[in-house]
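Right, one structure below, let's go through it.
The values are calculated or read from the model by the stated rules, or taken from the named source; none is laboratory data. None of the values given here were measured: they were computed from a predicted structure. Every residue, glycine among them, receives a Cβ derived from its backbone with ideal geometry; neighbour counts consider all protein chains shown.
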Amino acid sequence: MSVMPDTWIRKMALEHKMIEPFADAGKREGIISYGLSSYGYDARVSEEFKIFTNVDSATVDPKNFSPEGFVDRKVDVCVIPPNSFVLARTVEYFRIPRDILVICLGKSTYARCGIIVNVTPLEPEWEGHVTLEFSNTTPLPAKIYANEGASQFVFLKADQVCETSYADRAGKYMKQMGVTPPKL
């Protein structure tokens, strides 16, 4: 596998709609950076958040996920309670080629504040808005800014095309449009 450079990412985004909307690199005053980088793409977080809460004493169960465990918010700034967690989604819609695997990394601006971004890999031929997971590891409330950079995606090109893609398997998270909780 090899990491794909900015020229390849730009071409795939513009000619093959791999990333929509696509933003070129650029310094933006007072905003957490987003857009094309040297070997990746810094995606933005949308204004849709699912904030975990224990108001109804719900249990988080990946096999029987209950929406009672979180509250939905559409805001410009999401405050994550101390030692807590939120789900969000990217502004960008991704369409991953069959010979590409994408890895998500957190941005250092958030990491230096104790905010960890986790997302599973984007598999070959997966498409949709990416559901992002933010963990506030601090004992203080933490802010996430909508429509600003949240995580970096690194594109890895395989030496060979995979035998079975995410689309071939009809994966359960295919073409997700909003913040998507776990499914079984």
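Might you let me know whether segment 80-92 holds any residue that is of a type in the set (Lys, Arg) and either outside any strand (DSSP E or B) or without any contact (Cβ under 8 Å) to a residue 60 or more places away in the chain (or both)?
Checking segment 80-92: not a single residue is of a type in the set (Lys, Arg) and either outside any strand (DSSP E or B) or without any contact (Cβ under 8 Å) to a residue 60 or more places away in the chain (or both).
Within segment 24-65, which residues are within 20 Å of PHE134 (Cβ to Cβ), polar (S, T, N, Q) and modelled with pLDDT under 90?
Within segment 24-65, THR53, ASN54 qualify.
Kindly evaluate THR120 against the criterion of being surrounded by fewer than 14 Cβ atoms within 10 Å (Cβ to Cβ), under 23 Å from ILE9 (Cα atoms) and among the polar types (S, T, N, Q).
yes
Residues that are more than 20 Å from GLU47 (Cβ to Cβ) and of a type in the set (A, V, I, L, M): find the strands (runs of 3 or more DSSP E) completely inside segment 105-184 holding 1 or more of those.
It comes to 115-118, 149-157.
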